[in-house]
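A.B. asks: Below: one structure in structure tokens.
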Amino acid sequence: MYGFEVTIPSNWRVEVNPKSTREKGDVAFHSKLGNRFFVTWGNLANAEGRFKSLEEHRDKNIKQIRSGPDVKDVTVADSHEEQLLGHRALFSHVTADVKGGMFSRASFEREMWSIHLYCPDRSRYYVVYCLLRDPKEYDDFASVFTSMGRSLICH
């Protein structure tokens, strides 16, 4: 779709943002229990104009998580670099303590994974990310995300 490919479980639902174009957009993949996997893309020149590096791009996205109105604390549980299709890719795993509700003092933990990748072959940036909503759906959701993320074919 739009020049890239990703492999997802066969029982997941696909939702393409109707405003997406070949140049910029996003697509969401929904599991049966509401866990979601997203692929966002855009013009590489725009990303390189906004960010000095791939790391700065990733850090800006983590900062956006920290600034959420219900977020109490954010921890980067893992961050490492890999090669995907010959490109540098930054893998991150972030946990966030989120306020439980309007009148509740309780909080709960949300897990998010991301991959940031610049593909000069297509002149695109990609951000692949996932928000874990129901941790009971998979015994090891990190491996599900990593497998899906590594399946990205960008050119």
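The values are calculated or read from the model by the stated rules, or taken from the named source; none is laboratory data. Small disclaimer: the values here were computed from a predicted structure and weren't measured. Ideal geometry is used to build each Cβ from the backbone, glycine not excepted, and the neighbour counts take in all protein chains shown. Note: areas computed on protein heavy atoms with side chains; ligands, DNA, RNA excluded. Shrake-Rupley method; radii C 1.70, N 1.55, O 1.52, S 1.80 Å.
A.B. asks: As a test of the formula, what do you get for the chain when each DSSP H run with n ≥ 4 contributes -39,500 (n - 2.57) and the sum is divided by the residue count, at 222 nm and rounded to the nearest 500 deg cm²/dmol?
C.D. replies: When only DSSP H runs of four or more count, the value is -5500 deg cm²/dmol.
A.B. asks: Still on this structure, I have one more. Please report, as a whole percent, how much of the solvent-accessible surface of segment 7-49 comes from carbon and sulfur atoms (probe radius 1.4 Å).
C.D. replies: 50 percent
A.B. asks: Sorted from largest down, give the three principal axis spans of the alpha carbons of the chain, whole angstrom values.
C.D. replies: For the chain, the Cα spread along each principal axis is 49, 37, 30 Å.
A.B. asks: Which residues make up the longest stretch of the chain clear of trypsin sites (Lys or Arg not before Pro) that lie in a DSSP loop with no more than 12 other Cβ atoms within 10 Å, not counting the sites?
C.D. replies: My reading of the result: 53-135 is the longest stretch.
A.B. asks: Just by accessible area at a 1.4 angstrom probe, what is the order of D97, D121 from largest to smallest?
C.D. replies: Final ranking, largest accessible area leading: D121, D97.
A.B. asks: How far is helix 141-150 tilted off the main Cα axis of the chain, in degrees rounded to 10, range 0 to 90?
C.D. replies: Tilt relative to the chain: about 10 degrees.
A.B. asks: For K52, give me every one of the aspartates and glutamates with a C-alpha distance below 18 angstrom, ignoring sequence neighbours fewer than eight places off in its own chain.
C.D. replies: E81
A.B. asks: Let me ask something else. Could you give the nm distance between label points at L85 and V16, where each point is 7 Å from its Cα heading toward the beta carbon?
C.D. replies: 1.7 nm
A.B. asks: P(r) for segment 1-64: what percent of alpha-carbon pairs falls in each 10 Å bin, starting at zero?
C.D. replies: 18, 40, 35, 7
A.B. asks: At a 4.7 angstrom Cβ threshold, list every cysteine in the chain that has nobody to pair with, or say none.
C.D. replies: C130
A.B. asks: In this model, which of K24/K63; K19/K60; K63/K99; K19/K72; K24/K99; K72/K136 are farther than 26 Å apart at the alpha-carbon?
C.D. replies: K19/K72; K24/K99
A.B. asks: Specify the angular offset, from 0 to 90 degrees and rounded to the nearest 10, of the alpha carbon long axis of helix 54-66 from the longest principal axis of the alpha carbons in the chain.
C.D. replies: So the inclination is approximately 30 degrees.
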